[in-house]
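Report on the structure given below.
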Amino acid sequence: MLTSMHLLLLVLVLPFGGSLVAAFLPTHARNAAALLAGLVGFLGTLIVALLYSKASVGAVTLHVPWLPSLGLEFSLRLDGLSWLFAVMVYGIGMLVALYARYYMAEEDPVPRFFSFLLAFMGAMAGVVLSGNLIQIVFFWELTSLFSFLLIGYWHQNAAARDGARMALTVTATGGLCLFVGVMLLGHIVGSYDLDVVLASGKMIAEDPLYVPALILILIGAFTKSAQFPFHFWLPHAMAAPTPVSAYLHSATMVKAGVFLLTRLWPALAGTDVWFYIVVPVGLATLVIGAFAAIFQQDLKGLLAYSTISHLGLITLLLGLGSPLAAVAAIFHTINHATFKASLFMAAGIIDHETGTRDLRKLSGLYPFMPVTARLAMVAAAAMAGVPLLNGFLSKEMFFAEAAADHTGSLLDDSLPYFATLAGIFSVAYSLRFILGAFFGPPPTDLPHTPHEPPHWMRFPIEVLVLICIVVGVAPSFTIGPMLASAARAAIDTDLPAYSLSLWHGFNLALAMSVVAIIGGVLLYARLRNYLDSGIEGPPLMRRLKGQRIFENVLVTVSWRWARALERWFGTRRLQPQLRSMIALTLLGGFLPFALHGWVPAGPMPLTPIDPAFALVWAVGATCSLAAAYKAKYHRFAALVLVGAVGLITCITFVWMSAPDLAVTQLLVEVVTTVLLLLGLRWLPKRMEPQEGEHTPLNVAVRRRLDLALAVLVGVGLSTLSYLVMTRPLPESVSRFFVERAYTEGGGTNIVNVILVDFRGFDTQGEIAVLCIVALTVFALLRRFRPAQETIDTPEQQRLQNAYDEAEPERKVGDTLSDYLFVPRIIMHWMFPVVCVLAVYLFMRGHDLPGGGFAAGVTLSIAFVMQYIASGTRWVEDHLRVLPLRWMGVGLLLSVGTGIGAWAFGFPFLTSHHQYLALPVIGKIPLATALLFDLGVFALVVGATVLILIALAHQSLRSRREEAPREASPMVETRRESRTTAGGL
C-alpha cells in the first residue's frame, strides 16, 4: 500500500527515471520517446491530483536523514502552493510532450530531446517540492543545466549555442548568489528547513544579515525569471525548439524565480527594503517588456518579451507586500501558464506549417488554418485581459492592487498609471500577434503552403484554451478552491477577502481595464504603418542590444581582467605554479602560530628511535633527495627513486602495525609507477645547456628559492608532527573506532570499516573525484599528439618487427627470439592468478587487510600486465575491456547502497550487518557495506584501466604517422579507441 510519502517521492523520481530510459532509446524512436514523456507527465499529474485532498488542508512531507550531524536532510514538502506549481509542471509537460511528437523532425535525435525534457521536468519538480533551502538550490542549478541543454538542442545552430550559453551564464551566476543568500538565511534562522524558515519572518527581518541575504536571494530570483536588468537572456533562448519555449515560458524555468519569491514571501516580504527593491524591478520589467514586445518581427520574440512583461507584473504584485497582492500574483501565474503555453504552441504550428515566424512575411493565414487561428485568438485575448477569459480576472486584481495605497510614496502613487500603460501595451502586442499573422492579404512567397496541423498537434492548445474559457466564465467553481489553498500556504496567514466574480460593479479597476483595451486598440492602429515598415526593434531602445552588452561584459571579464591577472600571476611553466601554491599553503599553515603563539613542547615524551627504522628512513630520505636532483633531466631514474621512496613508506606502515595501509601502498606504487613509465614514453627530451649557450641569470636564484621553500615545508611539517605527538588529544579518535568497528560496523578491519561505514560519505566523494579524474585524463589524451622525437619505435620493438616481417608465416610466440616472449607467457599465466587474488582481497577486506580499493588496484595490475606483455591491439582483441561501464556500475552500486538505507528510515549510507546461516558452511558475517565496497572496487578498476587505455593508445596514434593513406588507420584507431574505452 503506497502512502502519501511514497507517492510524493515517486512523483519526484518518475521524470528522472523516464529521462534515463529515454536516453537509451534508439536515435529515431520518436513515437516511443514521446509516449514515454507523455506517460511520465500523465502519471505525475495523476499522482499530484491524488494528493490534493491532503495538500489543500496541510502539508504532505517526507523527511529522510542525509547528514543529521550538520542538520541536513532530504526533504519533500507538498502544500497548496507547491501542489499548484506541480500540476503546472506535470500537466503542461504532458501536453508539451504530445505537441513535440509532431513538431520535432524525424531526422532529429528525438529521444535525446525527451531525455533532456524529462530531466528538466524533474529538476523543476524538485524546486517546487523541496522542503529544504539547500535542496532548493540544488534543483535550481539543475534547471539551469538542463535548460542549457534544451536551448542548445540544435547545437549546429550558432544562435542556439549562443542563447544556451547566455542563459546558463546569467542563471547560473544568479544561482551562486542564491546559494550564498540561502546560507545566510539558514545562519540567521539556525536551520535550513523550510517550515522553520517560513515561521521566522520577524527574526529574519530584525537580523543585520537580512539585507545582504535578501539582495542575494533576489538576484537569484531575478536572473531566473528574466527581470530587468537580467531580462536580455530570455529572447535569445527562442533559438530552442518551440516545445522547449512553450514549456520554459509557461510552467517552468522562468516561473522558478516567481515561485521562490512566493515561497519565501512570509519570511522576507513586508519590509521597506523588500518593497523598494522588488517593486521598481517588477515595474521596470513590466513596462519595458510590454513596450519591446510590440515592435518584434518574430512571433516567438513577441511572445518572449510579453513573457518578460507578465513576469514583471507577478513580481510587482509580490513586491507590494500585501496578502491580497500575493493572491493576485498566484492567480496570474496560473493564468499566464495556460494562455502563454497555448500561444507558443500556436506560433510553433505557424512556423511548422509555413516555414517562417517572421511577421513581415506572414499575413492572411486564417483561411488556411481557421481552427488554429480561433484558438490563438482566444489565447491572445486572455493575454490582453479581455472579459470572460482568465487573464481578465487576474489583471483586474492587479489593477485593483496597483491602485491601492501601500506606502504612500511617490512610487506607490504612480503605480496605477504605469499599470494602465502596461495594459495598453499588452493589448497592442496581442492585436499584433493575431492581426499580423491571421488577417490581411493572402501570404506570398512562404517556404511552405500553409495548412492545418494534425489534430493531435493542435489538441494541447485546445485543452489550454478551454481552461482559459472555463476559468474565465466560472472561476469560483474551477480555480477557486485550488487558488485558496495555494494562497493560504503562500501567505501563511488568514486569507484576505477577495472575490472571483465576473462583475464587481463600476470601479477603478474596471475603468483601468476599459482604458487599457481602448488605448491598446488605438495604439496599435496608430503604429500599424510603422510596424508594417519592417523596422526591427522598438524605438528609443533599438541600440540597446542585450546580447551586445552581455558579450562586452564577458570580454571585459574574460579578456581584460583575466588577461591582466594572467600576466601578473600566470605562467606556462608548471614549476612557478607549484612554487606559488606551496608557498601559499606554507603561509596558511604558519599564520595560526604567528597569530596565537605556540608552546615548543608538550608533556608527552617521544618514543625512542629504533636504529633499524632510522636506517630505513635514511635510505628513503636519500632516495627522495636523489629523485629531486634527477627529476628534470633523468626522468626514468627519478621515477625509480620515487618508487623506492614509496616502498620505504610501505615498510613504515608495516613497522607501525598498519598492514592494510601497507598493502594498499604497495599496490598503488605498482600501478602508478607503470602508468608514469608509460607517460614518460611520450614526453619530449630535455637537454642540458651546451657550453656557450645563453643561460638565464635567475636560474640559480630560482633553484635556491625552491630549495629554501622545500626546507621550510619539511621543517614545518616536522615541527607540526612533533607538536601533535607531544600533546595528548582531548578525546582519542582511534579509541572511538576501535570500540565501535565491530559492534556498529560489523568488521574487525578498522581501516576498511572507517572507509565504507563511518566515513562512507567521504569515500563516496573520493571515488567520484577519481571518476572525474579518469574521464579528464582520457579526454585530454584523446587530443594529445606525441612529441616528434617520441614517434620512433623503440629499438627492441623495431628489431622484433623487422624479424616478423622477414618471416611473415611465423606466428608470434613460435620462437624464443620473440621480444619479451618468456615474460609475456608468464604474465599471461598470471592474469587469472591476479584476478583470484583480487577477489580474495575483496572478500576478506571487512575483517582482514584488503578491501574494495586494494582489490580494484590488484585487478588493474592484471590488466596492466597484459598491456605490457602483448601490446594494446592484442589485449583489446582478446579481452573485453569496458572501463566506462565498470565506472558507471561502481557509482550506481555505491550510491544505491547509500540510498537503500532510506528505505528503512536511516541516514544516507547507514550500513547494516548480521550473520547469515548457510548450509554446510555455517554462519558467515554479511554487511551492506560489502555492496558499497563492491562499487569502490568496480570504479577503481574502471578508472585505472581507462587511464591505461588512454596512455596505451598513444602507441597506435604514433604509428599512424607512418601508415599509408589508403589504409586509413586514423579512422580505425579512433574507432577502436571509442569502442574500447567507451565500452557502451
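Nothing in this text is a laboratory measurement; each read-out follows from the coordinates by a stated rule. All figures in this text were calculated on a predicted structure; none of them were measured in a lab. Cβ placement follows ideal geometry from the backbone for every residue including glycine, while neighbour counts extend to all protein chains displayed.
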Notebook entry, point to check: Each residue of region 317-331 in order: what ³J(HN,Hα) in whole Hz does its phi give by Karplus 6.51 cos²θ - 1.76 cosθ + 1.60, θ = phi - 60°, with x for Gly and Pro?
Noted result: 4, 5, x, 5, x, 8, x, 5, 5, 5, 4, 4, 5, 5, 4
Note to self: Given all pairs of different Cα atoms, what value in angstroms does the Kirkwood hydrodynamic radius of region 397-440 take?
What the structure shows: 12.0
Checklist line | Kirkwood hydrodynamic radius (C-alpha pairs) into Stokes-Einstein, region 243-348, 37 °C and 0.692 mPa s, D in µm²/s | finding: 236
Note to self: Tell me which trypsin sites (Lys or Arg not before Pro) from region 710-765 have a DSSP coil assignment and no more than 15 other beta carbons within 10 Å of their own.
What the structure shows: ARG759
Margin query: Please list, short to long, the whole-number percent of alpha-carbon pairs of region 428-478 in consecutive 10 angstrom bins beginning at zero.
Written below: 19, 30, 37, 12, 3
Check: Quick one: what do you get for region 45-188 if you divide its Cα Rg by 2.2 N^0.38 Å?
Finding: 1.20
Item checked: Full-extension gain in nm, ARG844 to LEU584, via 0.36 nm per residue minus C-alpha separation -> 89.4 nm
Notebook entry, point to check: Which pairs, out of LYS54/LYS395; LYS340/LYS361; LYS202/LYS340, put more than 27 Å between their alpha-carbon atoms?
Noted result: LYS54/LYS395; LYS202/LYS340
Item checked: Centroid-to-centroid separation of region 430-500 and region 272-342 [C-alpha atoms, Å] -> 16
Note to self: Net charge around SER82, counting only other residues with Cβ within less than 14 Å of its Cβ (Lys, Arg = +1; Asp, Glu = -1)?
What the structure shows: +2
Next item on the list: Loop sites only, by DSSP: take the GluC sites (Glu not before Pro) in the chain that have at most 13 other C-beta atoms within 10 Å and name the longest stretch containing none of them.
Entry: 108-535
Next item on the list: In nm, give the distance between the simple-model label positions of ARG873 and ILE772, each being 7 Å from the Cα along the Cα-to-Cβ direction.
Entry: 3.8
Item checked: Helix-only CD estimate at 222 nm, as mean residue ellipticity for the chain, using -39500 (n - 2.57) per DSSP H run (n ≥ 4) -> -23000 deg cm²/dmol
Check: Summing +1 for each Lys or Arg and -1 for each Asp or Glu, what net charge is found among the other residues whose Cβ lies under 15 Å from the Cβ of ASP933?
Finding: -3
Notebook entry, point to check: ARG759 to ILE535: FRET efficiency via 1/(1 + (r/R0)^6), r the Cβ-Cβ distance, R0 60 Å, to the nearest 0.05?
Noted result: 0.35
Next item on the list: Report the calculated FRET efficiency for ASP610 and ARG112 (r = Cβ-Cβ distance, R0 = 51 Å), to the nearest 0.05.
Entry: 0.20
Notebook entry, point to check: Once you have the alpha carbon radius of gyration of region 1-123, what is it after dividing by 2.2 N^0.38 Å, with N set to its residue count?
Noted result: 1.17
Next item on the list: Determine the sum of side-chain charges near ALA381: Lys and Arg each +1, Asp and Glu each -1, restricted to other residues whose C-beta is under 14 angstrom from that of ALA381.
Entry: +4
Checklist line | Angle between the chain longest axis and helix 410-438 axis [Cα atoms, degrees, rounded to 10] | finding: 90
Next item on the list: Starting from the Cα gyration tensor of region 374-422, take the square roots of the eigenvalues, sort them a ≥ b ≥ c, and report rounded, prolate or oblate (rounded when a/c is under 1.5, otherwise prolate if a/b is larger than b/c, else oblate).
Entry: prolate
Checklist line | Calculated FRET value between ALA710 and HIS6, using beta carbons and R₀ = 41 Å, to 0.05 | finding: 0.10
Note to self: Give the separation of the Cα centroids, region 626-678 to region 108-157, in Å.
What the structure shows: 45
Next item on the list: Taking just the C-alpha trace of the chain, give me its Rg and Dmax in Å.
Entry: 33.9, 107
Notebook entry, point to check: Against the longest principal axis of the chain, how steep is helix 852-870, in degrees 0 to 90 to the nearest 10, with axes from Cα atoms?
Noted result: 70
Check: Quick one: helix 4-23 against the long Cα principal axis of the chain, what's the angle to the nearest 10°, folded into 0 to 90?
Finding: 70
Check: Each residue of region 214-230 in order: what ³J(HN,Hα) in whole Hz does its phi give by Karplus 6.51 cos²θ - 1.76 cosθ + 1.60, θ = phi - 60°, with x for Gly and Pro?
Finding: 5, 4, 5, 5, 5, 4, x, 5, 5, 5, 6, 9, 6, 8, 4, x, 9
Note to self: Could you derive backbone 3J(HN,Hα) for region 44-49 from the dihedral phi with the Karplus parameters 6.51, -1.76 and 1.60 (θ = phi - 60°), listing whole Hz in sequence and x where the residue is Gly or Pro?
What the structure shows: x, 5, 5, 5, 5, 4
Check: Taking Rh as the Kirkwood radius, which is the inverse of the mean 1/r over Cα pairs, what is the Rg/Rh value for region 347-495?
Finding: 1.08
